[in-house]
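The values are calculated or read from the model by the stated rules, or taken from the named source; none is laboratory data. These numbers come from a predicted model, not from an experiment. A quick note on method: Cβ atoms are made from the backbone with ideal geometry, for glycine too, and the neighbour counts reach across all protein chains shown.
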Protein chains: 2
Amino acid sequence: MIAKKQENRPLASSIHDLARHLNISIGTVSRALNGRADVNADTRQRVLDAAKKLNYSPNQSGRSLRRGATHSIAFMLQPHPGDQQYGEPFFIPFLTGLQARLAESGLDLIVVMGAPGDYQQERLRRVVETRRADAVVLAWTRREDERIDYLSEVGFPFATLGRSLSGGKSYPSLDLDFEKAGADAVDRLVARGHRRIAAIRPSLNLNFGYLFLDGYCKALQRHGIEVDPGLIADGFINEAGGYEVMPQVMNSKDPPTAVIFNNDAMALGGCKALAEIGIKPGHDIAVIVIVDTPLCRYFSPALTAFRPPLEPMGRRLAEMLLASIPAYAGTDGARIIHEVWPLELIARDSD
Amino acid sequence: MIAKKQENRPLASSIHDLARHLNISIGTVSRALNGRADVNADTRQRVLDAAKKLNYSPNQSGRSLRRGATHSIAFMLQPHPGDQQYGEPFFIPFLTGLQARLAESGLDLIVVMGAPGDYQQERLRRVVETRRADAVVLAWTRREDERIDYLSEVGFPFATLGRSLSGGKSYPSLDLDFEKAGADAVDRLVARGHRRIAAIRPSLNLNFGYLFLDGYCKALQRHGIEVDPGLIADGFINEAGGYEVMPQVMNSKDPPTAVIFNNDAMALGGCKALAEIGIKPGHDIAVIVIVDTPLCRYFSPALTAFRPPLEPMGRRLAEMLLASIPAYAGTDGARIIHEVWPLELIARDSD
DNA sequence: TGTGTTCTCGTAAACGTTTACGGAAAATGT
DNA sequence: ACATTTTCCGTAAACGTTTACGAGAACACA
């Protein structure tokens, strides 16, 4: 009954309003606004002034329709499966960087969320087919990733946070150096006298789990330590998963004196399981986690972890995505860039 | 050089393709697709089949342009000021609920991020004026909120997470009962023998800070305890703010034996300051925080806190927003709903 | 003066939809 | 058989842009 006032004032004026106000044609107004050459410097100025005065800003739908581009980029955010109450703090700083860079180029960021757990394939199709965005950004890439297959098959522009075996090298990607982090963690633990080092990583076929394990195994072998399958375990990528899988390696005949977690949530669950059998991280066992979150810092004991520069990564991936799209790239055409960034170790009390 | 394949296959077919394929007019196709009455049941079926076969989905820009509605809702997400590395886990489950409900009505959720710290007024104008969304959702409402003033002045539909003095009762809002939480915290502490209870809340004029303080003061008076201004302090809403402001109340001539924090990040900073002067939460001083996050649970000692049902809140606010917009509400017209939800106390080890 | 060039602008079509309008065909009523 | 209603569908305009095309005016050059 109340909210009828939508129409009480024209929120935005159209290009027609400007034309009428200035007594010129809409074509000229559009050209002036878009900075084309074939318009008199004086009339351009008058158009610009009128636009400011009448508070004009172009209708995105009209523009998108005509140009065939939406001027927005979609990020597919998938909430942590199994964690209803509190989700994924990881991506916020990344998104901050992403949107900051996109905004500089006049692009909007659309965050498309899926229900926790579903693999967002349909949602992705919807974004692509309804032309909601000009490109998408994917995260949490799988080793074989059907989203990547789909996008490269239909030729829709995209970039990924994380590598994948799918889709070849045809799209920009930015990833962290999980191999090196895995190796560094092993090096550090070995230097501190550990020989029995467990590795706990997420199931599903999240690609970073493989990369991490590679680095872990290679480093072990470099130190002349045999890889013991009994010390490697996969679990669901949340606290419960870490809790369930921890006993598995602790019950091996020759238990580990150190453990590397490939995920913070799993580390928390693992530590809970350890506490229940009276084993204290940083005292009875060394713990390192590969991707740091605030949780690691505030946990007791504070967990030694590798920290990613998330905000710069967001900026950079946006940059790379833009460079890969001909319409957005400068005159130099499209470039496909791949980068792998190092992780920085933050030494704390758990190892 | 590569990424030229954008055009190798028409990603989506238009309504014209369907019409040509079926040898009927586009008008009929559109009517069939939109479920209008004046189309033969048989032809409708043929249109639907063809749509599925040709993988048709409507172009959003065209539809928006014609209908004057974008079918998307914008959420203005403002990263926590001062916290670059890790942002705002608080909103993720809220967003999950929000988007889930919107998706049920066929609406998209656009998350618009601002740079940390800026008050997003321009960004809001841009969203409104370029017609990127049909409505917006605001969070972290201020006591007097210029965003709300702006939106209600121009008559743009919106809803808020949190109350405000601005804008009257003309928009839907969903808030937590911070007054009751403040009072409950005091009751609990008094029952445990405390009489000197400090309150630390964010500066800026975030409205929940006022509500909390109201509840705190009233409860104190109810117990016959005089409110001591020396035990109340405002700080910047992040860890550093809590760290800086904590000594202020501890140095009062009659220091507190308990402290209530109105924000988790500030609580963390406050506890750090306490640790540095050898005071241990849960042992030497009681600590309660009003809004729980995962950080409270993993902190040592685990912090007693009030937990909001964020995901249901997101769903509900979406529902309320939809009901307030005539175009989306059912036949019953627009209703403006206001709700205040209780916070649940999670007793842990810090009090 | 005549010809060619450059500036500037108006006209109109197009992007993909939705929908008001009217008309032909079919169904119904007398 | 005729009048009336109903059913179904095509036509065309509209939403707000952008842009190809062409035309008129001004200018330069011989």
Here the qualifying pairs (Cβ atoms under 7 Å; residues six or more apart or on different chains; first in the range A:27-52 and at negative phi; second β-branched (Val, Ile, Thr) and more than 10 Å from DNA strand D (Cβ to nearest atom)) come out as A:Thr28/A:Thr43; A:Val29/A:Val47; A:Ala32/A:Thr43; A:Ala32/A:Val47; A:Leu33/A:Val47; A:Thr43/A:Ile24
* To do: Assess whether A:Ala103 counts as being touching a Gly at 6+ places or on another chain (Cβ under 8 Å), under 20 Å from A:Pro312 (Cα atoms) and either within 11 Å of chain B (Cβ to nearest Cβ) or in contact (Cβ under 8 Å) with a residue 24 or more places away in the chain (or both).
  => no
Would a scan of the range B:255-273 turn up a residue that is outside any loop (DSSP other than H, G, I, E, B) and more than 30 Å from the chain's Cα centre (by Cα)?
no
Of the conditions (1) among the polar types (S, T, N, Q); (2) under 17 Å from the mean Cα position of the chain (by Cα); (3) within 11 Å of another protein chain (Cβ to nearest Cβ); (4) closer than 22 Å to A:Asn207 by Cβ, the single one that A:Gln121 does not satisfy is (3)
Residue pairs qualifying under the 7 Å Cβ cut-off, at least six apart or on distinct chains, with the first in the range B:152-174 being facing another protein chain (nearest Cβ under 10 Å) and the second being of a type in the set (Ser, Thr, Tyr) and surrounded by 24 or more Cβ atoms within 10 Å (Cβ to Cβ), are B:Ser152/B:Tyr171; B:Tyr171/B:Thr160
_For the range B:202-218, check the following and say yes or no: at least one residue is surrounded by 20 or more Cβ atoms within 10 Å (Cβ to Cβ), part of a strand (DSSP E or B) and outside the structural domain of B:Glu146 (by TED's automatic domain parsing)._
yes
Residue under question is B:Leu317, and the condition is that it be touching a residue at least 24 places away in the same chain (Cβ under 8 Å), surrounded by 24 or more Cβ atoms within 10 Å (Cβ to Cβ), out of contact with any helix residue (DSSP H, G or I) (no Cβ under 8 Å at 6 or more places or on another chain) and over 20 Å from B:Pro202 (Cβ atoms); does it hold? no
In the range B:291-306, anything surrounded by 19 or more Cβ atoms within 10 Å (Cβ to Cβ) and either at the interface with another protein chain (Cβ under 10 Å from one of its Cβ atoms) or part of a loop (DSSP other than H, G, I, E, B) (or both) is listed as B:Val291, B:Asp292, B:Thr293, B:Pro294, B:Leu295, B:Cys296, B:Arg297, B:Tyr298, B:Phe299, B:Leu303
For A:Met313, the lone unmet condition from (1) within 19 Å of the chain's Cα centre (by Cα); (2) not in a helix (DSSP H, G or I) is (2)
Any residue in the range B:270-292 that is at pLDDT below 90 and closer than 24 Å to B:Ala139 by Cα?
no
- Just wondering, is there one or more residues in the range B:204-211 that are within 30 Å of B:His71 (Cα to Cα) and under 18 Å from the mean Cα position of the chain (by Cα)? no
Quick count over the range B:240-253, residues being more than 21 Å from B:Ala181 (Cβ to Cβ) and either not in a loop (DSSP other than H, G, I, E, B) or not assigned by TED's automatic domain parsing to the domain that holds B:Val291 (or both), is 6
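For (1) within 26 Å of A:Trp140 (Cα to Cα); (2) among the hydroxyl-bearing types (Ser, Thr, Tyr), each residue gets a yes or a no:
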| position | (1), (2) |
| --- | --- |
| A:Ser166 | yes, yes |
| A:Asp184 | yes, no |
| A:Leu189 | no, no |
| A:Gly193 | no, no |
| A:Pro202 | yes, no |
| A:Leu213 | yes, no |
| A:Tyr216 | yes, yes |
| A:Ile232 | yes, no |
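Condition check: in contact (Cβ under 8 Å) with a residue 60 or more places away in the chain and surrounded by fewer than 15 Cβ atoms within 10 Å (Cβ to Cβ). Does B:His283 satisfy that?
no
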Expected single match for surrounded by fewer than 17 Cβ atoms within 10 Å (Cβ to Cβ) and touching a helix residue (DSSP H, G or I) at 6+ places or on another chain (Cβ under 7 Å) among B:Ala329, B:Ala334 is B:Ala329
A:Ser61: in a helix (DSSP H, G or I), within 8 Å of DNA strand D (Cβ to nearest atom) and at pLDDT 95 or above, yes or no? no
Here the qualifying pairs (Cβ atoms under 6 Å; residues six or more apart or on different chains; first in the range B:58-69 and closer than 17 Å to A:Gly68 by Cβ; second at pLDDT 90 or above and within 6 Å of DNA strand C (Cβ to nearest atom)) come out as B:Ser61/A:Leu65; B:Gly62/A:Leu65; B:Leu65/A:Leu65
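Given the criteria more than 26 Å from B:Gly270 (Cα to Cα) and assigned to a strand (DSSP E or B), does A:Glu339 qualify?
Taking the combined requirement at face value, the residue satisfies it.
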When restricted to A:Ala198, A:Ala185, A:Ala181, A:Ala159, the only residue touching a helix residue (DSSP H, G or I) at 6+ places or on another chain (Cβ under 9 Å), closer than 22 Å to A:Ile260 by Cβ and assigned to a strand (DSSP E or B) is A:Ala198
Subset of the range A:27-46, residues more than 9 Å from DNA strand C (Cβ to nearest atom) and touching a helix residue (DSSP H, G or I) at 6+ places or on another chain (Cβ under 9 Å), comes to A:Leu33, A:Gly35, A:Gln45
Here the qualifying pairs (Cβ atoms under 9 Å; residues six or more apart or on different chains; first in the range B:194-212 and on the phi > 0 side of the Ramachandran plot; second assigned to a strand (DSSP E or B)) come out as B:Leu204/B:Arg142; B:Leu204/B:Asp234
Residues of the range A:47-69 being within 7 Å of chain B (Cβ to nearest Cβ) and farther than 14 Å from A:Ile15 by Cα, in sequence order, are A:Ser64, A:Leu65
When every residue in the range B:140-151 that is surrounded by 17 or more Cβ atoms within 10 Å (Cβ to Cβ) and under 30 Å from B:Glu344 (Cβ atoms) is compared, the one farthest from the other protein chains (Cβ to nearest Cβ) is B:Arg142
